[in-house]
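Here's the structure, in structure tokens; my notes come after.
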Amino acid sequence: MDLDLRKVRYFVAVAELLHFGRAAERLHIAQPVLSRQIRSLEKDLDAGLFDRDSHGVRLTAAGRQLLDDSRPLLAAAEAARRRAHRAARGPRRLVVGFRAGVVVTHALRAFSAGHPDVDVAARRVEWDDQEQLILDGTVDVAYVRRPVDERGLTLLPLFGETRVAMLPAAHRLAGKQELLLCDLDGETWLRYSDPGPDDTPIRTVEEKFERVAGGAGITLVPESVAAQYSRPDIAYVPVTDAPPDQVFLAWEADRRAPLVAAFAEVAGVRG
């Protein structure tokens, strides 16, 4: 029995929302159609995926396992589709992802000099999509920062960066030459996953700026971010005992791509 990827996509929508009606809306199909497809998938697998009762919808043990397996499966299928589409368009292309603060210009130029027939593009990635954009083929290779979900990826360590405190300009410590972590005891810390007033998590460093400048808290950022982003209402102070921010080059582990290997060689030399 071949697994039907369309049914798997339907299953993931229900598993993520735990609501057939909302999942049907996301998928732009009628709810009865969705229900039939899920029942068909359960029959294909000979396993119940959801417990349904008056209290709602819950994943079974089989459903939880399938959800864990489905995301990389769908990402791999999407990556194959993207690569085939690129190949059909003609010239070879390499898309390089990068996090805020990481300068990729020199590596891109060095790679292009050795591969003039390759169209090279750069795309910004964020903390919450850096792995997914590699696995689904949106980018071929990316400069990522920890934390990194390493499943399905190969990581090449490049360099570490000193981290600095991002403070409101009027903060009591804003004029210091350097700080220790203990100097920041009692401060409200902002992290990317922290929800804001509208329950929306912080996604980008620019959103961190707004929260810090508005007095919501402080955070640590790599020194390269501080060097690239200057604002009169933000101050940066090095924190000498903060663990360094680690930068890696990452690509899909199972992919055998000469262009990715060639770029990794260039980036490793310049890391």
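Here are the numbers for this structure:
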| item | result |
| --- | --- |
| Relative contact order of region 94-209, pairs being alpha-carbon contacts under 8 Å that are 6 or more residues apart, as % | 24 percent |
| Antiparallel %, DSSP beta bridges [both residues in the chain], to 5 | 70 percent |
| Relative contact order of the chain, defined on C-alpha pairs under 8 angstrom at six or more residues apart (%) | 20 percent |
| Point-to-point label distance, Asp185-Arg81, nm (Cα→Cβ direction, 7 Å offset) | 5.4 nm |
| With 5 Å bins from 0: P(r) over region 67-225, alpha-carbon pairs, percent | 1, 7, 14, 16, 16, 15, 11, 9, 6, 4, 1, 0 |
| Length-normalised contact order for region 163-238 - Cα pairs under 8 Å, 6+ apart - percent | 56 percent |
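Every number here is computed from the coordinates shown, using simple stated rules; none is lab data. Being a predicted model, the structure only gives us computed values, none of them experimental. Cβ coordinates were reconstructed from backbone atoms using ideal geometry, including for glycine residues, and neighbour counts include every protein chain displayed.
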